[in-house]
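The values are calculated or read from the model by the stated rules, or taken from the named source; none is laboratory data. Given the structure is predicted, the values throughout are model-derived calculations rather than measurements. So basically every Cβ, Gly included, is an ideal-geometry build from the backbone, and we count neighbours across all protein chains shown. With ligands, DNA and RNA removed, areas are computed over all heavy atoms of the protein, side chains included. Shrake-Rupley method; radii C 1.70, N 1.55, O 1.52, S 1.80 Å.
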Amino acid sequence: QLQLVESGGGLVQPGGSLRLSCAASGFTLDYYAIGWFRQAPGKEREGVSCIASSYGSTYYADSVKGRFTISRDNAKNTVYLQMNSLKPEDTAVYYCAARINYCSGYVHYPYWGQGTQVTVSS
């Protein structure tokens, strides 16, 4: 069974940092692109970042560029999202998702985790 599990969310003050983890089971991440998406109440799901399986190409939404960093540890079958300089508008449920090889829009990802809550507030 293919499964993704997010962890690392929580409550943090503006300007703080969190590191999210996406652990895969039932398959290896070596041949999959992993995307991070987020959704706040009443808002559409939006792409945050992605790392492709081929060449390790990375992508970031303009709203997080320079603050977030995506990386992978193939030995642990895990992808990370380091989030720095967090803002209240980053508050959302964060999901990781997997598809073969290349990054794409959220409708093209067949495998999803259940999400982890990130709240940025003073």
Residue-normalised value, i.e. accessible area per residue, for the chain at 1.4 Å probe, in Å², stands at 53 Å²
In cubic angstrom per residue, the convex hull of the chain built on its Cα atoms measures 93 Å³
Taking only Cα atoms of region 1-41, the Rg to Rh ratio with Kirkwood Rh works out at 1.05
Excluding residues fewer than 8 positions from Lys76 in its own chain, the aspartates and glutamates with Cα under 20 Å of it are Glu6, Asp30
The percentage of the accessible area of the chain (probe 1.4 Å, all protein chains present) made up of carbon and sulfur atoms, to the nearest whole number, is 47 percent
Per the rule of 0.36 nm per residue minus the C-alpha distance, extending Gln82 to Ala40 adds in nm 13.2 nm
Simple SL model, points at 7 angstrom along Cα→Cβ for Ser121 and Tyr59; separation in nm is 3.2 nm
In the chain the cysteines whose Cβ sits 4.7 Å or more from every other Cys Cβ are none
